[in-house]
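This report refers to the structure that appears directly beneath it.
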Amino acid sequence: MDISDLRAFVAVVEERGLSAAARRLHLSQPSLSQTIQALEKHLDVRLFTRSSAGVAPTAAGMTLLGEARAVIARYDQALAAMAKHSAQVGRSLRVGVPLELPPQPLAGALASLSAAFPLTVVEIRHLPTARQIEALHDGELDVGLVRERPVGGRLDVSIAIEEPLGVLLAVEQADAMETVDGTVRLDRLSGLHWLGFPRGGSPAWYDELTAVLRSHGIEPGPPESYDQDLLPEVKVAAVSAGGKFALAPAGRLDPLPNSVRWLPLAGRPLVRRTWVAWAAASRRRDLAHLVAALEGAPELHVGDDL
């Protein structure tokens, strides 16, 4: 049992469910579930009662909650105190994250950062792409995970994630859909309503995606159709009602209800890219380590800490 296990346990209690806690921690739900099960086995107690409404801590869970919060607070206090005596970077690293970011590689990159730079405190900020780019230019973010490539020379950029998108359909429509080798052609979705996202959050990605939809005979609807991103649960519920489709990578919204099915798109016409962006003038070693881990590269030449 380590500090990350305790943070995971506290997150499940505070979010009252594994799905919401997994999103908060940027972990997959199965991975988080395994962590909780391992904790219960290690402590030989049942920490949660589970029901269709979610999870609730048992009496043993409430006891652990108080202890876990105290340990986490003391741990963070110790790191902050030692930062004053260390030559390592001991300040916060502000990381922008979009909605529906896959748990990997961010979770692995953060774990690698924590091991290499234990005094760096990561602050996760959930922001749309356009707001992240503004915050990077204004010095309000150190690293951004964005859905379009920023232009100009003030930011360095690298690809972090590429996700071919498939389609979510109500199971009745999925069963009736003509498929080839288990894939569906994008033009077969013509006549269904696309559950989109606000253009203002990521204009270039929105324009790229809607141009591909239109080229396949799908009218996306006016850009003002949505004034905010739909939560995954809301999106799945809307799809299950029929007459609509949503786009998502394979497994991103698992487990899906029996009323909804995911199908891959023939020819991979839509690929969602997530870029990692940071100030070109940065000389932070912890930032360089995080970017390299996100890239899966052994080294990234961002420069040495001054």
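The values are calculated or read from the model by the stated rules, or taken from the named source; none is laboratory data. Keep in mind that this is a model prediction, so the values were computed, not measured. Positions of Cβ are backbone-derived with ideal geometry, glycine not excepted, and every protein chain shown enters the neighbour counts. These area figures cover heavy atoms from the full protein model, side chains too; ligands, DNA and RNA do not enter into them. Shrake-Rupley method; radii C 1.70, N 1.55, O 1.52, S 1.80 Å.
Not counting ligands, DNA or RNA, and with a 1.4 Å probe, what is GLU148's accessible surface area in Å² rounded to the nearest 10?
The value for GLU148 is about 30 Å².
Once you keep just the Cα pairs under 8 angstrom separated by 6 or more residues, what percentage relative contact order results for region 1-129?
Details: 135 pairs, mean separation 31.0, N = 129.
Result for region 1-129 is 24 percent.
Run the accessible area of the chain with a 1.4 Å probe and give the carbon-and-sulfur part as a rounded percent. Walk me through the numbers before you get to the answer.
On the way: 8010 of 15330 Å².
So the carbon and sulfur contribution to the accessible surface is 52 percent.
Rounded, prolate or oblate for region 166-263? Axes are the square roots of the Cα gyration tensor eigenvalues, ordered a ≥ b ≥ c, and the cut-off for rounded is a/c under 1.5. List each step's numbers first, then the result.
Numbers: a/c = 1.81, a/b = 1.28, b/c = 1.42.
Here region 166-263 falls in the oblate category.
Before I look further, what does the chain give for accessible area per residue, probe 1.4 Å, in whole square angstrom?
Value for the chain: 50 Å² per residue.
For the chain, state the semi-axes of the equivalent ellipsoid (square roots of 5 times the eigenvalues of the alpha-carbon gyration tensor), sorted largest first and rounded to whole angstrom.
Details: eigenvalues 253, 159, 44 Å².
The equivalent ellipsoid of the chain has semi-axes of 36, 28, 15 Å.
Could you tell me the accessible area of HIS216 in Å² (1.4 Å probe, neighbours in place), rounded to the nearest ten?
Rounded to the nearest 10, that gives 60 Å².
Can you give me the span-like helices of the chain, meaning DSSP H runs with 27 Å or more of Cα extent along the axis and Kyte-Doolittle mean at or above 0.0? The partial results should precede the final answer.
Values: long enough: 59-83 (36 Å, 0.71).
In the chain, the long hydrophobic H runs are 59-83.
If contacts are Cα pairs under 8 angstrom and at least 6 residues apart, what is the relative contact order of region 56-208 in percent? Walk me through the numbers before you get to the answer.
Values: 123 pairs, mean separation 32.2, N = 153.
Relative contact order comes out at 21 percent.
Let me have the 222 nm mean residue ellipticity of the chain computed from DSSP H runs of 4+ only, each contributing -39500 (n - 2.57), with the sum over all residues rounded to the nearest 500. Mind showing how you got there, number by number?
Details: 10 runs with 123 residues, N = 306.
The per-residue figure over the chain is -12500 deg cm²/dmol.
Taking only the alpha-carbon atoms of region 43-168, what semi-axes of the equivalent ellipsoid follow from 5 times the gyration tensor eigenvalues under a square root, in whole Å, largest first?
Working: eigenvalues 212, 121, 30 Å².
Semi-axes (√(5λ), whole Å): 33, 25, 12.
Return the distance in nm (one decimal) between the two label points of a simple spin-label model at MET1 and LEU43, each offset 7 Å from Cα along Cα→Cβ.
It is 0.5 nm.
When all protein chains stay in place, what accessible area (Å², nearest 10, 1.4 Å probe) is found for MET1?
120 Å²
For region 165-231, what does the relative contact order come out to in percent, with C-alpha contacts under 8 Å and a separation of six or more?
That works out to 34 percent.
Taking only the alpha carbons of region 3-84, what extent do you get along each of the three principal axes, in Å, biggest first?
Here the Cα extents, ordered largest to smallest, are 47, 26, 19 Å.
Along the Cα→Cβ direction, 7 angstrom out, place labels at ALA111 and GLN228. What is the inter-label distance in nm?
3.3 nm
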